[in-house]
Amino acid sequence: MKSSKIVGIALIVLSLAIGYIGLNKIADNTKEINFLGIKIDASNESGKQQGFIYTGVAVLLFAGGIYSMKKAE
């Protein structure tokens, strides 16, 4: 097994972990309450932005892992 294939697999696994963390951050920082027909948004915008950054990094790592796997063939 070539080292670039091992690196590709590691990047894909790391991207899945970081993506999971990012999606959880987005979900945890998005809260909306419906009180007497009035929607109250209690979201944490900086936390959501951090979650989007994690998710973006995960997509880049996944693409890098796929590229490394294809390159190893």
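The values are calculated or read from the model by the stated rules, or taken from the named source; none is laboratory data. Everything numeric here is computed off the predicted structure, so don't read it as measured data. Note that we place each Cβ from the backbone using ideal geometry, even for glycine, and neighbour counts take in every protein chain shown. Areas reflect the complete protein model, heavy atoms only, side chains present, ligands, DNA and RNA absent. Shrake-Rupley method; radii C 1.70, N 1.55, O 1.52, S 1.80 Å.
For the stretch 7-58, trypsin sites (Lys or Arg not before Pro) meeting the loop criterion (DSSP other than H, G, I, E, B) and having at most 12 other Cβ atoms within 10 Å: 31.
In summary, the lysines within cross-link reach of residue 5, defined as a Cα separation below 17 angstrom excluding same-chain residues under 8 places away, comprise 70, 71. For the residues 19, 56, 37, a GNM of the chain with alpha-carbon springs under 10 Å puts the largest fluctuation on 37. Working note: Debye formula, equal point scatterers on the alpha-carbon atoms of the chain, no solvent; log10 I(q)/I(0) at q = 0.22 Å⁻¹ is -0.84. Shown is the FRET efficiency for residue 23 and residue 67, computed with R0 = 25 Å from the Cβ-Cβ distance and rounded to the nearest 0.05: 0.60. When +1 charges are put on Lys and Arg Cβ atoms and -1 charges on Asp and Glu Cβ atoms, the dipole computed for the chain relative to its Cα centre reaches about 360 debye.
So for the pair residue 53, residue 13, with labels modelled 7 Å out along Cα→Cβ, what separation do we get in nm? In this crude spin-label approximation the distance works out to 2.7 nm. Taking only protein heavy atoms and a 1.4 Å probe, the accessible area of the chain is 67% carbon and sulfur. Roughly what angle does helix 3-28 make with the longest principal axis of the chain, taking Cα atoms, 0 to 90 degrees, to the nearest 10? Approximately 0 degrees, to the nearest ten.
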